Amino acid sequence: MNAIKKYVAEFIGTFVLVFFACGAAHMVGTSSYHGSKYLVTALAFGLVIVAMAYSIGNLSGCHINPAVSLAMLINKKLSVTDFVGYVIAQFAGATVGAAALCLFFGRGEMNVPYGANGLFEDSILKSLGIEVILTFVFVLVILFVTSKSKYSSVAGIVIGLSLTLVHLLGIGLTGTSVNPARSFGPALFAGGDALANVWVFIVAPLVGGVLAALVYKFLDSSKEEQ
C-alpha cells in the first residue's frame, strides 16, 4: 500500500507540473523577446516544484521526473521496483496533464502547443547538448541538497529555484525539458515535429541525470566523513 501511495503521489505531481507549468508555456509562449511572459513560464515550473516538494515530498520524495529517479537509482536511493513504478506513474501523470490541456485549450494555433519542446536552430546535436547540460546541473543540485537532513527544510525551495534557473536559459532554446515525462505528454498531443523529435528530450535528460549521478558519487564526501 505504501508503494502505491508513492506512485500515486508521483502521478499527481507530474500531472500538476504539466498542467500548470506547461499550461503557462502554452498560453504565454517561450520566446525570450516576450519579456515578463518568459519569466512567468520559468517561475511556473519552479513554483510547481516548491508546491509539490512540500506536499507530496514526504510520500515519494517528489521526483516527478524520470531523470531524477534514474539518478536516485544509480546512487542506491531508490529500488529497481520503485524506479519502474515511479517512471510509469510520471509518464502517466504527464500524459493525463497534457490531455487536460488539450481538452481545455483545444488544438488551436498557440505559441507553444501544450508547452511542447522544440529543437534549437533545428539542430538535434545542439539540442541534445543543451538538454544534457541543463539536466546535469538541475539533477546535481537535487542530489546534493537532498543528501543531508539539515537541508530538508529548504530543499524544496532550492530545487524549485534551480528549475527556474535552468528554464531562464533553456526556455528560449529548446523550451527546456530536463524531464522525459514532461516532454512526452505535451508532444503526444501536439503531434508534428514535437512528437517526431521527442526522443531528443527523453534521451538527453536521462544522459544528464546519469552524468549528475556519477559526478555526485565522485564528489560526495559523506562516506569519507563517517
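Residues of the stretch 81-103 being farther than 20 Å from Leu70 by Cα and free of Cβ contacts under 8 Å to residues at least 40 places away in the same chain, which ones? So that I can check it myself, show each step before the final result.
First, pick out the residues of the stretch 81-103 that are farther than 20 Å from Leu70 by Cα: 96-103.
Once the filter is applied, which keeps residues that are farther than 20 Å from Leu70 by Cα and free of Cβ contacts under 8 Å to residues at least 40 places away in the same chain, the stretch 81-103 yields only Leu103.
Hey, among the residues in the stretch 66-81 that are touching a Phe, Trp or Tyr at 6+ places or on another chain (Cβ under 9 Å) and not in a helix (DSSP H, G or I), which one's surrounded by the fewest Cβ atoms within 10 Å (Cβ to Cβ)?
Out of the qualifying residues, it is Asn75.
Can you run down the residue pairs with Cβ atoms below 7 Å, 6 or more apart or on separate chains, where the first is in the stretch 41-63 and farther than 17 Å from Gly115 by Cα and the partner is part of a loop (DSSP other than H, G, I, E, B) and among the acidic types (Asp, Glu)?
The qualifying pairs do not exist here.
Can you tell me which of Leu173, Leu165 is over 18 Å from Ala94 (Cβ atoms) and modelled with pLDDT of 95 or more?
Leu165
What's the number of the condition Lys217 fails, among (1) part of a helix (DSSP H, G or I); (2) surrounded by 15 or more Cβ atoms within 10 Å (Cβ to Cβ)?
Every listed condition holds for Lys217 apart from (2).
Report whether or not Leu188 is aliphatic (A, V, I, L, M) and in contact with a Phe, Trp or Tyr (Cβ under 8 Å, 6 or more places away or on another chain).
In short, no.
Just the residues that are in contact with a helix residue (DSSP H, G or I) (Cβ under 6 Å, 6 or more places away or on another chain), hydrophobic (A, V, I, L, M, F, W, C) and part of a helix (DSSP H, G or I), please, taken from the stretch 162-183.
Leu163, Val166, Leu168, Ala181
One line per residue, one yes/no per condition, for (1) more than 20 Å from Ile202 (Cβ to Cβ); (2) in contact with a Ser or Thr (Cβ under 8 Å, 6 or more places away or on another chain):
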| residue | (1), (2) |
| --- | --- |
| Val84 | no, no |
| Ala99 | no, no |
| Gly106 | yes, no |
| Ala116 | no, yes |
| Phe138 | no, yes |
| Ser149 | yes, no |
| Leu163 | no, no |
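Restricting to the stretch 139-172, count the residues that are over 14 Å from Leu39 (Cβ atoms), in contact (Cβ under 8 Å) with a residue 60 or more places away in the chain and among the hydrophobic types (A, V, I, L, M, F, W, C).
Number of matching residues: 8.
Do we find a residue being buried (at least 24 other Cβ atoms within 10 Å of the Cβ) and in a helix (DSSP H, G or I) anywhere in the stretch 1-9? Break it down into steps so the answer makes sense when it comes.
Step one: filter the stretch 1-9 for residues buried (at least 24 other Cβ atoms within 10 Å of the Cβ), giving 9.
The next check asks that each one be in a helix (DSSP H, G or I); those that pass are 9.
Yes: the stretch 1-9 contains one or more residues that are buried (at least 24 other Cβ atoms within 10 Å of the Cβ) and in a helix (DSSP H, G or I).
Could you tell me whether Gly192 is small (Gly, Ala, Ser) and without any contact (Cβ under 8 Å) to a residue 60 or more places away in the chain?
Taking the combined requirement at face value, the residue satisfies it.
Residue-by-condition table, conditions (1) among the basic types (Lys, Arg); (2) crowded, with 19+ Cβ neighbours inside 10 Å:
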| position | (1), (2) |
| --- | --- |
| Lys150 | yes, no |
| Val166 | no, yes |
| Thr176 | no, yes |
| Ala196 | no, no |
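Restricting attention to the stretch 181-194, which residues are over 18 Å from Gly29 (Cα atoms) and touching a Gly at 6+ places or on another chain (Cβ under 9 Å)?
Ala181
Please work out if Gly209 is closer than 19 Å to Lys126 by Cβ and within 13 Å of the chain's Cα centre (by Cα). Explain how you work it out, then say what you get.
On the way: closer than 19 Å to Lys126 by Cβ: no; within 13 Å of the chain's Cα centre (by Cα): yes.
In short, no.
The values are calculated or read from the model by the stated rules, or taken from the named source; none is laboratory data. Note that the structure is predicted; figures quoted are calculated from it, not measured. Note that we place each Cβ from the backbone using ideal geometry, even for glycine, and neighbour counts take in every protein chain shown.
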